[in-house]
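The values are calculated or read from the model by the stated rules, or taken from the named source; none is laboratory data. In this text the structure is predicted, and so the values were computed from the model without any measurement. Every residue, glycine as well, gets a Cβ built from its backbone with ideal geometry; the counts of neighbours run over all protein chains shown. Just the protein is used for accessible areas: all its heavy atoms, side chains included, with ligands, DNA and RNA removed. Shrake-Rupley method; radii C 1.70, N 1.55, O 1.52, S 1.80 Å.
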Amino acid sequence: MSILHLVNKSPYENSNLNTASSIMKADDVLLLIEDGVYGAVKSGKASAMIAGQKVSVLGPDLAARGISEDKLADGVGVIDYAGFVELVESNDKVQSWL
Amino acid sequence: MSDTKKFLFFNRKAPYGTIYAWESLEVVLISAAFEQDVSLAFMDDGVYQLVKGQDTSGIGMKNFSPTYAALGDYEITKIYVEKESLEERGLTLDDLQHLVWEDEDEDYAEKDSIRLVSRAELGDVMAEQDVLFNF
């Protein structure tokens, strides 16, 4: 039984990413969208929170914010809206950390 | 004009997750049109507003980031970026747009608008203002 965790806020603005990443189980997946994508930038302090997790980011939200894929932390996958739908379908539940 | 005041606009939010950044730009441009002495400060997530290479074609929102490059034409020449906020986010000045203004007193020489300041220096900038606006 896996959960897809969604985080849409900047990790520098509130503790949502910290909460999500610390409650996740081994099979769970984290998807960063909207301002959440800032958490996946390798050189940023917040990227330490997602080390060792299964993490994807939404490509259109990255591009909007001027973040190129080579700036991401190791192992972070970039997906499009169709990939977002696939993640929702392939996990048993969705938890949105609003 | 005798009614000129020193306005400082504080920008502390990322550009597209909320409407604050865009609204700030609107008020900044209005203030400049009324010939006030306008300065901008970017700290916390606000520094993300100035990141270059923004492409919003995939999210159905207007990319307003080119507007920052036009601020020099409105005689907005003091753009303060807080050093600590950049560092925490793993950003450097090279990740930001190169914003300039033309100095008509020096044969329209191009000068940098962005001033990298520490938190303490930003506090000094705040202290010398007449009015503070927060977005």
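For A:Ala64, indicate whether it is open to solvent by 20 Å² or more (accessible area, probe 1.4 Å) and out of contact with any strand residue (DSSP E or B) (no Cβ under 7 Å at 6 or more places or on another chain). In short, no.
The sole residue among A:Ser43, A:Ser56 that is part of a loop (DSSP other than H, G, I, E, B) and either more than 10 Å from chain B (Cβ to nearest Cβ) or surrounded by fewer than 16 Cβ atoms within 10 Å (Cβ to Cβ) (or both) is A:Ser43.
Identify, by number, the condition in (1) in a helix (DSSP H, G or I); (2) in contact with a Lys or Arg (Cβ under 8 Å, 6 or more places away or on another chain) that B:Gln54 doesn't meet. Just one mismatch for B:Gln54, condition (1). Scanning region A:1-13 for residues that are of a type outside the set (Gly, Ala, Ser) and either surrounded by 16 or more Cβ atoms within 10 Å (Cβ to Cβ) or modelled with pLDDT of 95 or more (or both) gives A:Ile3, A:Leu4, A:His5, A:Leu6, A:Val7, A:Asn8, A:Lys9, A:Pro11, A:Tyr12, A:Glu13. If you check B:Glu26, B:Glu84 for being open to solvent by 30 Å² or more (accessible area, probe 1.4 Å), in a helix (DSSP H, G or I) and free of Cβ contacts under 8 Å to residues at least 12 places away in the same chain, only one passes: B:Glu26.
Evaluation of B:Met43 against the conditions (1) more than 16 Å from the chain's Cα centre (by Cα); (2) surrounded by 14 or more Cβ atoms within 10 Å (Cβ to Cβ) shows that the sole unmet condition is (1).
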